[in-house]
Amino acid sequence: MNTIVLRRRNSAVPGPIRDRAPLTSDTAGYDGVVSELSTALFAEFRRKDQRMKAEQYLRGLLFAEGRKSIRNIAAHVGGAAAEQALHHFISSSTWDWQPMRAALAGYLERSCTPRAWVVRSLHIPKAGEHSVGVDRLFAPQLGQMFRGQQAFGVWFASEELSAPVNWRLMLPDQWVNDHERRDRAEVPEGLGCESQEECAASVAIEAAQNWGVTRRPVLLDLRGSNVRPTLARLAAAQVPVMGRIGASCRLTVADRAMPGFGAGPLPAQQILESTKGLRRPVHWLDPAAGRTSRTSLASVVRVSLLNPQTGRQRPMLLLGEWHDPQRPPVQVWLTDLTNAPVAPLLRLTKLTRRVEQDFAEVGEEVGLRDFVGRSFRGWHRHITLASAAHAATVLSATDEGLDVGLGLGLQNAA
């Protein structure tokens with residue numbers, strides 16, 4: 001009997017996700033989720049042997065011991081012969097991972113009703129120089145430089161669970177313009193160099209435009225980036241957004257009754273500090289502490305932001321959160337969900353904590369960072385199947401059909 005032990009590996013977020021019993025391969029409920037996922041995700045494969053290899057790889061990601069390399073996965077499912085077959089299936093085959101990601105998104109949409117799409121950066125340390133995309137990069141979660149790969153993932157998130165559904169690997173300049181290196185890693189034509197904010201926006205827009213799933217608010221971190229063009233891209237793609245911004249981001253107060261109206265662009269923190277009288281307590285459940293009930297002070301102010309594509313001022317809401325009323329806000333968010341009340345908006349931002357916790361407790365264990373090959377296509381195939389393994393784990397650990405909800409009417413972005 002194989003047992004998945006949910007443990008943290010280099011976790012940056014303390015505490016368990018929720019009280020979970022160990023999951024076993026002969027548990028009817030768990031095996032049912034894996035079988036359903038396999039049917040839904042692998043239907044695009046025309047050949048039976050491809051469907052078999054995909055399910056072998058999925059089960060290996062779930063049950064193999066140690067790092068989820070092709071060698072360890074093969075050792076779990078069949079040894080040396082399986083290793084060669086699985087290596088070809090992941091690194092050298094021709095199957096397209098995008099239909100599988102779209103199928104995973106549709107499955108999660110039906111199974112757990114995500115409330116938001118959280119865009120999260122993934123840093124993958126690498127000692128060598130030959131894995132596609134390796135460079136000296138900045139990891140937002142670490143707040144420091146590292147050597148390795150960096151990707152951005154879209155996670156479907158609710159209060160109960162989250163799972164990644166789409167990925168985009170950043171390609172630094174030398175991987176785009178060095179034709180020998182590009183050919184060796186099999187980087188497709190048409191992919192160019194992107195900034196972090198461009199990569200983060202692109203991975204969400206790709207999911208929204210190509211998969212036919214309900215568009216949810218996209219939560220992403222825009223601190224340290226050029227906010228206006230990123231928000232303009234998402235608006236042009238008709239993707240509702242909540243962006244975490246820096247305190248110095250300059251906005252224009254749009255409410256005539258508020259301090260600062262008519263003063264031109266002002267720092268976000270100054271706007272929030274001048275409207276302290278609007279703050280109110282908001283209760284929320286912390287997924288990083290066993291869904292402990294917590295309370296923050298929060299307020300929203302109507303502001304506007306210049307859209308560089310149209311030259312017009314775009315109406316937005318500025319959201320601030322305080323833990324200590326005598327200190328500056330701990331988080332500042334900007335959103336085009338202009339009709340949403342303050343309490344649901346604040347609770348929506350807490351889905352980023354759901355993602356951080358699920359990544360630490362589950363994503364690490366199913367091998368999101370464990371691909372040891374060098375090719376662009378191999379990386380994408382591995383991380384797609386690892387995302388499916390993550391989804392199988394969190395769905396199996398959640399009561400079937402549970403739909404908590406946030407009480408939000410967030411379908412209409414301003």
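The values are calculated or read from the model by the stated rules, or taken from the named source; none is laboratory data. Quantities reported herein were computed from a predicted structural model and do not represent experimental measurements. Using ideal geometry, Cβ is built from the backbone for each residue, glycine included, and neighbour counts are taken over all protein chains shown. Accessible surface areas use protein heavy atoms only, side chains included; no ligands, DNA or RNA. Shrake-Rupley method; radii C 1.70, N 1.55, O 1.52, S 1.80 Å.
Some notes on this structure:
- The chain: DSSP helices with Cα axial extent of at least 20 Å and average Kyte-Doolittle hydropathy no lower than -0.5: 98-112, 196-210, 376-396
- Heavy-atom accessible area order for HIS323, HIS76, HIS380, largest first, 1.4 Å probe: HIS323, HIS76, HIS380
- Extension gain, GLN98-ARG244: 0.36 nm per intervening residue step, less the Cα-Cα distance, totals 49.7 nm.
- If the chain linking ASP255 and VAL372 were pulled fully straight, counting 0.36 nm for each residue of separation and taking away their Cα-Cα distance, it would gain 36.8 nm.
- Here the relative contact order of region 157-244, from alpha carbon pairs under 8 Å that lie six or more residues apart, stands at 27 percent.
- Most to least packed among 340-350, 268-278 [average Cβ atoms within 10 Å]: 340-350, 268-278
- Where labels lie 7 Å past Cα in the beta-carbon direction, separation of ALA139 and ASP286 in nm: 2.4 nm
- Per-q log10 I(q)/I(0), region 138-197, q = 0.17, 0.19, 0.23 Å⁻¹ (Debye; single scatterer per alpha-carbon; no solvent): -0.73, -0.85, -1.03
- For a straight C-alpha distance cut-off of 28 angstrom, the lysines reachable from LYS68 (same-chain residues fewer than eight places away being disregarded) are LYS48, LYS53, LYS126.
- Relative contact order %, region 27-170, counting alpha carbon pairs below 8 Å whose residues are six or more apart: 17 percent
- Ranking of MET316, MET145 by solvent-accessible surface, largest first: MET145, MET316 (1.4 Å probe, protein heavy atoms only, all chains present).
- Relative contact order for the chain, counting Cα pairs under 8 Å that sit 6 or more residues apart, in percent: 22 percent
- By the helix-only formula, in which each DSSP H run with n ≥ 4 contributes -39500 (n - 2.57) and the sum is divided by residues, the chain has a 222 nm mean residue ellipticity of -10000 deg cm²/dmol.
- Each peptide in 149-157, 248-256, 329-337 gets a packing score, the mean of other Cβ atoms within 10 Å over its residues, and the list from highest to lowest is 149-157, 329-337, 248-256.
- Rolling a 1.4 angstrom probe over the chain with all protein chains present gives an accessible area of which 47% lies on carbon and sulfur atoms.
- Solvent-accessible area per residue, Å², over region 58-140 with all protein chains present [probe radius 1.4 Å]: 40 Å²
- Residues of region 293-347: accessible area per residue with a 1.4 Å probe, Å²: 44 Å²
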